[in-house]
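K.L.:
I'd like to ask some things about the structure below.
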Amino acid sequence: MFASSTRFISISRSVIQMGRQQTLGKFLEMPKSVKPAPPQQSSLHEMWKKESVNKDASTKEKSSVNKLETNDKPMETEEESFNTRRDEPQDAESSKRKHVEEIVRSPRLKKRRVVDSDDEAEDTTSLSTGPSHSKSPRRKSRTRTTVPLPSSSKSRGKAKANSEEENVPSAKTEASSSSEGEEGDEEIDPDEDIEEELEGRAGTKDVVAASKSALAALSKVKDVDIKGGWKVGELIPYAALTKTFSMIEATTKRLEKNAILTSFLLLVIQRSSKKDSTALLQAVYLCINRLSPDYVGIELGIGESLLIKAISESTGRSLAMVKADLKKEGDLGLVAMNSKNSQKTLFKPKPLTVAFVFSSLRDIASSSGHSSQAKKVSIITKLLAACQEFEAKYIVRSLEGKLRIGNAERSVLVALAHAAVLAEHEKAGKKWSTEKLAMRLEEGANNMKSVYSELPSYDEVIPALLKHGINGIRDHCKLTPGVPLKPMLAKPTKAIGEVLDRFEGKRFTCEYKYDGERAQVHKLPDGSVSVFSRNSEDMSKKYPDLVEQLPKCFKDSTKSFVLDAEAVAFDRLTNKLMPFQELSKRKRKDVKVEDIQVRVCLFAFDLLYLNGEPLLHKTLNERRKLLRDHFTVVPGEFDFAKCSDGETVDEIQSFLEESVKDGCEGLMVKMLETDASYYEPSRRSVNWLKLKKDYLAGVGDSLDLVVVGGYYGKGKRTNVYGAFLLACYDDSSEEYQTICKIGTGFSEEMLQSHYEVLKPLERDILRGDVKAGGAKPDVWFEPQVVWEVLTADLSLSPIYTAAQGLVDERGISLRFPRFIRIRDDKSADDATGPEQIAEMYERQALSAGSGKKKGGDDDDGFW
């Protein structure tokens with residue numbers, strides 16, 4: 001009797017299971033013998049789905065309670081769990097919102113789709129049926145940890161009306177997920193859906209990231225906005241900007257940082273009056289901690305002693321107390337904020353605005369001459385007196401020259417582009433699918449990057465953005481003489497064989513790599529000539545002789561141009577090139593042509609603009625021909641970079657030896673034809689390779705590093721610094737990372753010279769943006785001086801912090817570093833970055849056969 005009952009129950013369960021398989025064919029993997037549900041059944045399901053929208057909240061709540069009770073059963077079977085999921089009411093909103101939720105109660109991470117906005121209804125329906133349905137039985141279930149994404153919050157429409165209801169399905173999903181078994185589980189992943197729809201297209205990861213960032217930005221608008229907000233046309237409260245800064249500083253997630261900044265810039269765009277680009281322009285400048293384009297030369301960077309004095313005067317605290325707090329905190333911004341917030345005031349000061357702060361900072365930066373110090377202290381004191389909450393912290397950091405919120409300029413560009421796309425989307429009032437929104441965001445970011453690389457001036461780009469939209473800026477913002485663009489850079493290579501492997505089957509050229517200073521020469525239609533450095537500094541006053549001799553170098557048909565060249569010290573008596581050290585002896589300011597002793601010859605190697613036409617998207621072969629057609633050689637003053645189009649190892653080796661004999665560093669090897677030879681501003685590209693004599697000699701790679709500390713000398717080096725602590729610069733986190741201690745390559749005269757330069761930069765305590773690790777120098781320096789250093793090898797180190805986490809938990813250090821020269825043409829922010837150091841280490845490991853290369857061939861640089 002017991003056996004027959006068991007068989008009856010088993011048969012019943014089989015019948016029930018067959019029925020469930022047919023009903024759940026859309027969701028579960030079917031056995032091979034069972035055909036998938038016909039299309040009509042899918043349509044019927046959609047009808048049921050629509051009917052379920054009309055169910056009231058009480059029905060959902062009841063279902064949720066039942067679901068939770070079911071989940072409490074200790075011995076729930078996998079079959080019962082599936083049945084519970086099937087009986088769950090389908091919330092219509094759940095087909096519209098894409099949201100990734102991390103369920104911590106379950107040992108497996110589950111993801112589900114949640115309501116996002118009405119705009120995505122059409123797209124999500126198509127994602128949840130049709131092609132994705134037919135693929136699901138074959139697609140393997142996979143579990144991924146994804147950053148939880150806040151859903152998009154809008155101030156109007158159903159999303160707001162149903163905000164309370166949305167919590168019910170969330171609870172139900174958590175309950176059901178804890179009881180689901182391993183076999184046949186398949187959770188909906190928004191990333192997977194988008195990736196499938198965009199399959200075969202380039203940049204899918206970027207598109208998915210853009211979509212996530214935009215959705216998160218919409219949800220953070222209320223978080224970023226200050227209480228009460230501000231009206232359209234009103235000045236932006238500085239409190240809104242500092243609140244944004246504090247939120248960005250509080251997270252380490254790149255997408256979240258971008259989302260926060262995007263939401264703030266979106267608010268600024270929405271609340272700016274028509275034809276007014278000033279508000280957005282000032283906000284962006286404060287976000288990147290600049291007051292003007294690089295070439296204008298208005299810089300912040302107020303001395304620590306001046307700031308301490310201003311904090312003391314504005315808060316009524318003694319200098320000794322402020323200095324004691326600084327020694328404890330290591331961050332003058334925090335000291336200012338704590339001092340200000342602990343100060344009692346009789347009345348609340350008038351709130352600061354972005355416009356007022358920006359204007360005050362410009363006044364401080366442009367103050368010069370007699371009593372300028374007192375004027376600066378007075379302005380800073382007034383600013384600090386009006387500060388509330390976080391404002392003092394970020395004003396002081398802005399004055400120091402580093403915000404230290406971990407938000408690089410490229411992130412600001414992307415956030416600006418995303419904010420513009422979202423503002424246009426909302427203004428148009430159109431419904432965009434998730435895919436379309438993601439593609440528009442990525443397209444907007446690419447437009448912004450491309451435009452800014454050609455015309456790196458927010459003064460030009462932002463007004464055009466607001467006037468013509470994100471899709472119209474390409475037509476109105478192009479390379480313009482007078483606005484220097486960031487130069488294209490080359491990747492180092494250690495062997496001629498590497499060059500031939502890279503350019504196999506393609507036309508390339510080899511040029512002398514001159515030992516001079518990069519110079520970008522601009523001639524405007526009005527006849528004026530300007531010379532800019534690699535970091536966009538105006539060097540026209542440093543090289544008045546170049547400006548004077550250039551008119552003899554171009555033909556009458558050349559009305560305007562932008563020239564990429566190298567300024568090299570040149571001995572006109574012997575007609576020989578001189579090393580960079582001779583060039584560095586020239587004065588940097590107030591240079592008179594008649595007083596110049598070290599003459600300069602300009603060697604041109606590229607033409608970027610000619611007579612009103614940008615040439616960036618012409619091949620190098622075409623650009624080189626135009627260069628030679630429109631310019632004339634003037635011996636000792638102007639010449640073309642010497643080149644050879646040899647393609648064999650022997651030809652390249654012979655030309656390399658010739659370049660070294662002529663006083664050059666080595667060769668530059670460049671792609672000559674196809675779009676790979678286009679000029680790429682701001683990028684260190686694999687289409688340009690540098691082959692230096694030091695690399696071939698096996699000495700190793702050279703790096704540009706910042707001097708951040710000093711060690712007192714002993715013996716012959718008494719009374720000067722005997723060794724120095726060097727660091728690389730991470731522009732993403734805005735911090736200096738220590739990499740080595742250097743004490744070789746110095747003569748006694750050099751040490752004395754370094755002491756005289758660095759002594760005024762001494763600090764008592766470590767700056768907050770210097771990541772020292774275990775390094776403990778005798779004194780710390782303001783990070784201002786950049787040296788070129790050669791190393792024989794790179795190794796992992798528990799003491800230094802360079803590239804920490806990129807290759808290993810330990811940092812990377814230099815073995816046997818040797819001083820080469822001072823890089824006067826570079827600022828501390830232009831120093832070698834941790835990514836490049838990590839890549840050098842991986843290339844070294846690869847060549848030694850002990851490691852695997854990870855993306856070493858990818859382009860890097862500004863983007």
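The values are calculated or read from the model by the stated rules, or taken from the named source; none is laboratory data. Computed from a predicted structure; not experimentally measured. So basically every Cβ, Gly included, is an ideal-geometry build from the backbone, and we count neighbours across all protein chains shown.
K.L.:
Could you say which residue among Leu524, Leu466 is over 21 Å from Asp825 (Cα atoms), buried (at least 18 other Cβ atoms within 10 Å of the Cβ) and not basic (Lys, Arg)?
P.N.:
Leu466
K.L.:
Related question: Whether any residue in region 795-804 is surrounded by fewer than 18 Cβ atoms within 10 Å (Cβ to Cβ) and of a type in the set (A, V, I, L, M) is what I want to check.
P.N.:
yes
K.L.:
Same structure, new question: Looking only at region 770-794, which residues are under 16 Å from Lys327 (Cβ atoms) and either buried (at least 16 other Cβ atoms within 10 Å of the Cβ) or in contact with a helix residue (DSSP H, G or I) (Cβ under 7 Å, 6 or more places away or on another chain) (or both)?
P.N.:
Selection gives Val770, Ala772, Val779, Trp780.
K.L.:
Looking only at strands (runs of 3 or more DSSP E) that fall completely inside region 558-675, which ones have 3 or more residues that are among the hydrophobic types (A, V, I, L, M, F, W, C), in contact (Cβ under 8 Å) with a residue 24 or more places away in the chain and buried (at least 17 other Cβ atoms within 10 Å of the Cβ)?
P.N.:
The strands (runs of 3 or more DSSP E) meeting that bar are 561-571, 600-610, 666-671.
K.L.:
Taking the criterion of being touching a residue at least 60 places away in the same chain (Cβ under 8 Å) and on the phi > 0 side of the Ramachandran plot, would at least one residue in region 745-757 satisfy it?
P.N.:
yes
K.L.:
Go through region 624-639 residue by residue and tally those that are in contact with a strand residue (DSSP E or B) (Cβ under 8 Å, 6 or more places away or on another chain) and over 11 Å from Phe603 (Cα atoms).
P.N.:
7
K.L.:
While we're on this one: Would you be able to tell me the number of residues in region 336-371 that are out of contact with any strand residue (DSSP E or B) (no Cβ under 8 Å at 6 or more places or on another chain), β-branched (Val, Ile, Thr) and not in a helix (DSSP H, G or I)?
P.N.:
1
K.L.:
If only one of Glu460, Glu442 is outside the structural domain of Thr791 (by TED's automatic domain parsing), more than 22 Å from Asn258 (Cα to Cα) and in a helix (DSSP H, G or I), which one is it?
P.N.:
Within the list Glu460, Glu442, the selection yields Glu460.
K.L.:
With the requirement that a residue be of a type in the set (Val, Ile, Thr) and either touching a residue at least 24 places away in the same chain (Cβ under 8 Å) or buried (at least 22 other Cβ atoms within 10 Å of the Cβ) (or both), what does region 332-351 give you?
P.N.:
Val335
K.L.:
Here is a further query. Go through the residues of region 436-451 one by one and say whether even a single one is buried (at least 20 other Cβ atoms within 10 Å of the Cβ) and hydroxyl-bearing (Ser, Thr, Tyr).
P.N.:
no
K.L.:
Collect the residues in region 287-313 that are assigned to a loop (DSSP other than H, G, I, E, B), touching a helix residue (DSSP H, G or I) at 6+ places or on another chain (Cβ under 9 Å) and touching a residue at least 24 places away in the same chain (Cβ under 8 Å), keeping them in residue-number order.
P.N.:
Those that are assigned to a loop (DSSP other than H, G, I, E, B), touching a helix residue (DSSP H, G or I) at 6+ places or on another chain (Cβ under 9 Å) and touching a residue at least 24 places away in the same chain (Cβ under 8 Å): Ile288, Asn289, Leu291, Ser292, Pro293, Ile298, Glu299, Leu300, Gly301, Ile302.
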